[in-house]
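The values are calculated or read from the model by the stated rules, or taken from the named source; none is laboratory data. These numbers come from a predicted model, not from an experiment. Cβ coordinates were reconstructed from backbone atoms using ideal geometry, including for glycine residues, and neighbour counts include every protein chain displayed.
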């Protein structure tokens, strides 16, 4: 029990929890916007990989860090456009298409990375984002290192939560997006194009996912590794359900996940008798448990995964 | 642009669709090969020459296609009933590790008895690993896509735990790999001086069996009805839950069998890189075959050929071998569009 308090009372634990949550916040919000408009984006795992690779590669080739993030967002948005063209415009199966998009983006990212960075001993590094120093707050004892020494991208993630919540609940555009996800016929009857709304939502959401991926290579680490996303995209899809498609709860879910992940990482060396793989399994099993927990009262957008084809029943 | 559903699909179109999809994918990927500064036609020639141009190449391709046929069937069976089993990779590893666990012991059984028992155990392990997601879907409505995807990571970690712990081979110079399966538990070779094993014949038999099951049995037709629409199937008196559960178990068993066959036929032991993505490639194979079990065989051979040939292309022309993954993933996307065009017509 003392170990528990030792871990939880350390400032580094709280810093790590928010750092681990950051890519998930971006990814979950990105998936959430798309699903609110009626489109499940299983391309997320691949889009995060593409964001991680393009963001890193741009900086590696000499771009400033923020330009790298912009490149990642554009790359993600472009892949999102492909997903939207196939699932929204043509109405193809969102499951299979999303998976195809993931396989395509992961393999294309690996291919391009290998093209520009030939195999060598250890992958090259860039100078990643440094923590933002806030006057007074960052220097507070314990609180400073625990909560106020994050990179700009983490602050951007928190800001994005507010922005997405505001967009969805306080603007006409948000209302239209939600309507496209609940009742596309009603949306069309109002003279609002379901195709445009869904395409826009998927593209914007994919850009967010890609920024989440880029956070890993330009802030959390300083290199790109193959398969570095490690299922984070799938976890985001689970978190959207856990959050009942609400941005605030999505933030909560991502933070809980980050705390749990930070906790198991710190617990590992303290219990040497237990194989480390059991600890690494925990986050995945926890995500499944979270899905089961909310399954009974999940309020799914009514038209989620239903293609809209005008004039057809 | 307007899309219009076809009254009926010309049979020629159904055959032409996968061909057109593959050609389009190869043309699109030639841009990437060009980006690498390699001569496109020569590079493709090297790829297919390596994979299909010699006795060794062909047998290597068929060996590689063996697990792909089985995971492809696993995906095809499930997707046909609209059960989205994306956990084939995990079920593959469960099948493999179950066979390694049982097969490394000396049971004193003749091969003719031991091998079928091991394969059965592998299939059972794969099916059981899918039981959880299937029941969660049927009982609580938990989306099976996310649960099966997440369980893939759990499966790999479980295998890693076992081969670094209780199942570790002490003679492997510290490498994490399982104790090998005994001689009596291995599948015989099909052709001398090649790696092609009996598993390939088994995979072909499995394709025939699934084709029969789909077309000629009540279960196969019920699964199709469930895939076309759950409410309609329910009205027709089909026990939807039971059909979906059985379909899921069959799908998991096929993926588990793929793992079992890969261990008993080719590797003899399990490592965490036993599968270079056989599970995910199974989904591609199933879609390229338009979920037709007999189409799975040529689709798997195509995907296997790309992977076998890509290494030679990488050596000869300096194209990163990831091109193989790009080609098959692109083929999946172009195939989805091609399948769409068999059902719809584009009008101005």
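Quick notes
- Boolean, residue A:65 is away from chain B (no Cβ under 14 Å), at pLDDT 95 or above, surrounded by 17 or more Cβ atoms within 10 Å (Cβ to Cβ) and out of contact with any strand residue (DSSP E or B) (no Cβ under 6 Å at 6 or more places or on another chain): yes
- Considering residues of the stretch A:91-112 that are in contact (Cβ under 8 Å) with a residue 24 or more places away in the chain and assigned to a loop (DSSP other than H, G, I, E, B) only, the residue farthest from the other protein chains (Cβ to nearest Cβ): A:91
- Helices (runs of 4 or more DSSP H) enclosed by the stretch A:141-244 - at least 1 residues per element that are more than 25 Å from residue A:22 (Cβ to Cβ), touching a residue at least 40 places away in the same chain (Cβ under 8 Å) and more than 14 Å from chain B (Cβ to nearest Cβ): A:172-182, A:184-189, A:194-215
- Single match in B:163, B:156, B:210 (criterion: in contact with a strand residue (DSSP E or B) (Cβ under 6 Å, 6 or more places away or on another chain) and in a helix (DSSP H, G or I)): B:163
- Of the listed requirements (1) buried (at least 23 other Cβ atoms within 10 Å of the Cβ); (2) within 8 Å of chain A (Cβ to nearest Cβ), residue B:322 misses just one: (1).
- Yes/no for residue B:3 being under 30 Å from residue B:221 (Cα atoms) and touching a strand residue (DSSP E or B) at 6+ places or on another chain (Cβ under 6 Å): yes
- Some residue of the stretch B:20-32 being away from chain A (no Cβ under 14 Å), touching a residue at least 40 places away in the same chain (Cβ under 8 Å) and in contact with a helix residue (DSSP H, G or I) (Cβ under 6 Å, 6 or more places away or on another chain): yes
- Subset of the stretch A:251-260 (residues that are buried (at least 23 other Cβ atoms within 10 Å of the Cβ) and more than 13 Å from chain B (Cβ to nearest Cβ)): A:251, A:253, A:254
- Verdict on residue B:122 being closer than 30 Å to residue A:41 by Cβ, touching a helix residue (DSSP H, G or I) at 6+ places or on another chain (Cβ under 7 Å), surrounded by 23 or more Cβ atoms within 10 Å (Cβ to Cβ) and more than 14 Å from every other protein chain (Cβ to nearest Cβ): no
- When the test is whether a residue is more than 14 Å from every other protein chain (Cβ to nearest Cβ) and touching a residue at least 40 places away in the same chain (Cβ under 8 Å), residue B:277 does not pass it.
- Any chance residue A:115 is facing chain B (nearest Cβ under 9 Å) and within 19 Å of the chain's Cα centre (by Cα): no
- Residue count for the stretch B:62-90 under the criterion of being surrounded by fewer than 24 Cβ atoms within 10 Å (Cβ to Cβ) and closer than 15 Å to residue B:214 by Cα: the result is 3.
- Residues of the stretch B:154-176 satisfying the condition of being under 12 Å from residue A:281 (Cβ atoms) and either more than 7 Å from chain A (Cβ to nearest Cβ) or in contact (Cβ under 8 Å) with a residue 12 or more places away in the chain (or both): B:154, B:155, B:156, B:158, B:159, B:160
- One residue from A:305, A:282 being within 22 Å of residue A:8 (Cβ to Cβ) and either modelled with pLDDT of 90 or more or under 24 Å from the mean Cα position of the chain (by Cα) (or both): A:282
- Here the condition is being surrounded by fewer than 19 Cβ atoms within 10 Å (Cβ to Cβ), away from chain A (no Cβ under 14 Å), over 19 Å from residue B:295 (Cα atoms) and over 19 Å from the mean Cα position of the chain (by Cα); of B:8, B:2, it holds for B:8 alone.
- The C-beta contact set for the stretch A:34-46 (first residue within 11 Å of chain B (Cβ to nearest Cβ), second residue crowded, with 24+ Cβ neighbours inside 10 Å and outside any helix (DSSP H, G or I), distance under 6 angstrom, 6+ apart or interchain) comprises A:45/A:229.
- Residue list for the stretch B:222-241, filter: in contact with a helix residue (DSSP H, G or I) (Cβ under 8 Å, 6 or more places away or on another chain) and assigned to a helix (DSSP H, G or I): B:222, B:223, B:224, B:225, B:226, B:227, B:230, B:232, B:233, B:234, B:240, B:241
- Number of the condition not met by residue B:285 [criteria: (1) within 13 Å of another protein chain (Cβ to nearest Cβ); (2) surrounded by fewer than 24 Cβ atoms within 10 Å (Cβ to Cβ); (3) within 20 Å of residue B:85 (Cα to Cα)]: (2)
- Residues in the stretch A:118-140 that are free of Cβ contacts under 8 Å to residues at least 40 places away in the same chain, within 30 Å of residue B:321 (Cα to Cα) and either within 14 Å of chain B (Cβ to nearest Cβ) or buried (at least 16 other Cβ atoms within 10 Å of the Cβ) (or both): A:118, A:119, A:120.
The rows are residues; the columns are (1) part of a helix (DSSP H, G or I); (2) within 14 Å of another protein chain (Cβ to nearest Cβ); (3) modelled with pLDDT under 90; (4) surrounded by fewer than 16 Cβ atoms within 10 Å (Cβ to Cβ).
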| position | (1), (2), (3), (4) |
| --- | --- |
| A:263 | yes, no, no, no |
| A:272 | no, yes, yes, yes |
| A:278 | yes, yes, no, yes |
| A:289 | yes, yes, no, yes |
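- Residue match in the stretch A:74-90 (condition: in a helix (DSSP H, G or I), within 14 Å of chain B (Cβ to nearest Cβ), without any contact (Cβ under 8 Å) to a residue 12 or more places away in the chain and crowded, with 24+ Cβ neighbours inside 10 Å): no
- Qualifying residue in the stretch B:242-262 (condition: modelled with pLDDT of 90 or more, surrounded by fewer than 16 Cβ atoms within 10 Å (Cβ to Cβ) and out of contact with any strand residue (DSSP E or B) (no Cβ under 9 Å at 6 or more places or on another chain)): yes
- Within the stretch A:247-256, the only residue that satisfies the criterion of being touching a residue at least 12 places away in the same chain (Cβ under 8 Å) and more than 14 Å from the chain's Cα centre (by Cα) is A:248.
- The residues listed here are A:205, A:248; of these, the one that is surrounded by fewer than 18 Cβ atoms within 10 Å (Cβ to Cβ), closer than 20 Å to residue A:155 by Cα and in contact with a helix residue (DSSP H, G or I) (Cβ under 7 Å, 6 or more places away or on another chain) is A:248.
- Residue match in the stretch B:296-318 (condition: at the interface with another protein chain (Cβ under 10 Å from one of its Cβ atoms), buried (at least 24 other Cβ atoms within 10 Å of the Cβ) and touching a residue at least 60 places away in the same chain (Cβ under 8 Å)): no
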